[in-house]
Amino acid sequence: EIHIKEPIEKEVNPRLLPGELLLCEASTVYKYIQEDGSNRGTYGKLVCTNFKISFLDDDSASDDNEPQFKNKIVGENDITLQCVDQIYGVYDEKKKLLTGQLRKYPEKLIIYCKDLRVFNFCLRYTKEEEVKRIVSGIVHHSQTPKLLKRLFLFSYASAAPNNTDGRNQTVMFETLEDWRDELERTKGNVKYKAVATNEGYRVSEKLPLYFVVPICISEESILKYEGRGIPMWCWSCHNGAALLKMSAFPKEQDDSTSQTQKAFLDGIYKTISKPPYELLKMDDLSSSLPSLQDIQTAYTRFKQLFLIDNSTDFWATDVKWFSLLESTNWLEIIRRVLKKAIEVAECLEIQHTNVLLIEESATDLCCVISSLVQVMMDSYSRTKSGFQSLIQKEWVIGGHGFLDRCNHLHKSEKEEAPVFLLLLNCVWQLVQQYPPAFEFTETYLTVLSDSLYVPIFSTFFFNSQHQRDTNKSGESLKTQGGPFRFLTVWDWSVQFDPKAQAFLNNPLYAEKPKPDKSQRKTARFKHQRQLSLPLTQAKPSPKRGFFREETDHLIKNILGKRIGKFINSSDEPPNSLREFYDSWHSKPVDYHGLLLPRIDGPEIKVWAQRYLRWIPEAQLHGGGTIATAAKILDLMEEVQSLQVKMDEEHSQAVSGDVHSVALLRNSARLSSLFPFALLQRQSVKPALPTSTWKDLEDEDDLVKRDDEFVDLSGDML
């Protein structure tokens, strides 16, 4: 039985961006609400353009009940073509992956998105010809390989008006002056120099136009092997030690070539291992960290836990949540990456040793580790503009292959790997452990991860600066005009109005260093989906394994000792590293100094806002961090209004620049995953024939609560 909301009478047309073309559409499409098996939903029109897939119902025609955190480019029922992960058709209640040419057309369409939304469409009441057009169109435009110039990025850039440059304070690192300023900021200009050797890309198309190398490196050395084997500067520590990266030579070569290259490298190392460069420690990341294939495999398993079609699937996985979470290995990869960043920080901070990160191209894991180290050691990188400048320097200009790693063109799944997403997951661990140290919020990180799939910004849609520059000066698809004016993702006004942008800024950011550590352990809310693996004893094993370490951690906490242990299943860290870690964690946190992440078992958590935001069962109605944020913003607004009154009383000029955010008045009506998921209807837990549910019958079930206040002193998602 279908609970039908009658088809809409009035015509609803999609809102098209400049350069956006309507390709195909189908009327009388039924969109299911995915919460339960009741088949409730709404009728509407399903359209496909050269930018997005969009579902339009009668609510789309009005601006009433607009979400308070509205994205101006991508609506609630919009899916950009780059955001489509997989498309399934349902034939006689059986799911089948849809690719290429279709012989038979499905009665239901399920679209899984890269931002973890799941859309269910019923085509049973749609005209057959329209079904063929819309299904073929969606599959073709979102799943088949395409040329770079066919990306909507170019259509938009050629048709959109010349918008103002919204870089704000973000340093783009597109000029020699930007690099010199960064050298001066970090006091690295004594030992390092910015070079323009690659102007015109005469050294290599993979390298940026400008970069920084040790002063002693000659131009001839840079030219000799197309930039390979040259240590490139990332950042300088306050004590003069520097973080460098280098692309390695190919491993499989004949003896004479490898001998020549070895002699070349020896010469480079000798040059920079003497004063004023002091010691140099080399770290080959390809051997000390998981491979890109391992990272991709782990993330593919991990995301399946959150791509949930219905309520029954959620509760089925909830019974074995911990084992499923551990088996993905995603949290363990995050732990290993954070541990590597701590190792590098210890070399720079304590040993005053230069660290050279080595990788085949120096554009994947090198970017992750160098960025993390800077976030941990440089408080400027924890400001919004500083973090954006860091992404520009290490990733965009640094040559990370966003086009291939995100598989935007659907050319090769072998190249795909969520490397940038791995960095954001690692940074999120630090943000949730030390909130006052960051000027931006987890919402900012979530929005940034979503922007990977919005092809109106050039930031995440090229493999290198050379690729972007050569395509920027090309001709548009229709006319032979001037160079394309690509937007940068750092202009947040393109996606959000000022009220929505307030959620990207942390109101409790510590402007000045505070002597006291204000991180406290809080009681756990008793029925919530835990986001880290639990402190429980597993099977005894001869090795000091995962759960053994966690049990030790619990015992030490009970005894009142904070002795951190690194978990890497097989090997214990060097004593000096453990001492560095323990010593730092035994002191109060300086929010503007060095930050070391806690990496004990349960400290590595799942990024709840990003991964659980579309799942109603995982929401705390009236609770979570958003309830806290609501109270804080209310207090800030009250303080600001009092300040205005005081100024008026003293006849002082009122600035008028009072950014009050009156969005969150009634926090009880919001859920823990606001602003992305608004309050939804409650989900009824199915009566599964397992003893597990009988054990839970006497507990207060989270999903049965509706619009209740949750004690803010409890642990929150």
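The values are calculated or read from the model by the stated rules, or taken from the named source; none is laboratory data. Bear in mind that the values here come from a model prediction, so they are computed numbers and not experimental data. A quick note on method: Cβ atoms are made from the backbone with ideal geometry, for glycine too, and the neighbour counts reach across all protein chains shown. The area values use the complete protein model at the heavy-atom level, side chains included, leaving out ligands, DNA and RNA. Shrake-Rupley method; radii C 1.70, N 1.55, O 1.52, S 1.80 Å.
A few notes on this one:
- The set of residues in segment 240-263 that are assigned to a loop (DSSP other than H, G, I, E, B) and surrounded by 13 or more Cβ atoms within 10 Å (Cβ to Cβ) comprises Gly240, Ala241, Ala248, Phe249.
- Exclusive hit being over 10 Å from the mean Cα position of the chain (by Cα), over 19 Å from Pro290 (Cα atoms), hydroxyl-bearing (Ser, Thr, Tyr) and in the same structural domain as Val375 (by the TED database), set Ser451, Ser412: Ser412
- Any pair with Cβ under 7 angstrom, 6 or more apart, that starts in segment 359-379 at a residue that is on the phi > 0 side of the Ramachandran plot and outside the structural domain of Leu183 (by the TED database) and ends at one that is in a helix (DSSP H, G or I) and surrounded by fewer than 24 Cβ atoms within 10 Å (Cβ to Cβ): none
- Selected residue (criterion: nearest to Asp283 (Cα to Cα)) from residues of segment 184-239 that are hydroxyl-bearing (Ser, Thr, Tyr) and part of a loop (DSSP other than H, G, I, E, B): Tyr225
- Candidates are the residues of segment 342-400 that are β-branched (Val, Ile, Thr) and closer than 20 Å to Asn575 by Cα; the one that is surrounded by the most Cβ atoms within 10 Å (Cβ to Cβ) is Val355.
- The residues on offer are Gln351, Gln374, and the sole one that is in a loop (DSSP other than H, G, I, E, B) and under 20 Å from Gly240 (Cα atoms) is Gln351.
- Residue within segment 280-294 that is within 21 Å of Asp178 (Cα to Cα) and out of contact with any Ser or Thr (no Cβ under 8 Å at 6 or more places or on another chain) present: no
- Members of segment 496-526 that are part of a loop (DSSP other than H, G, I, E, B), modelled with pLDDT of 50 or more and within 21 Å of Leu633 (Cβ to Cβ): Phe496, Asp497, Asn506, Pro507, Leu508, Tyr509, Ala510, Glu511
- Of all residues making up segment 43-72, the number that are open to solvent by less than 20 Å² (accessible area, probe 1.4 Å) and either modelled with pLDDT of 90 or more or assigned to a helix (DSSP H, G or I) (or both): 13
- Conditions (1) surrounded by 20 or more Cβ atoms within 10 Å (Cβ to Cβ); (2) at pLDDT below 95; number of the one not met by Arg167: (1)
- Checked against (1) in a strand (DSSP E or B); (2) acidic (Asp, Glu); (3) surrounded by fewer than 15 Cβ atoms within 10 Å (Cβ to Cβ), Asp266 meets all criteria but (1).
- Annotation: of all residues in segment 457-478 being assigned to a helix (DSSP H, G or I) and open to solvent by 50 Å² or more (accessible area, probe 1.4 Å), the one that is modelled with the lowest pLDDT is Lys472.
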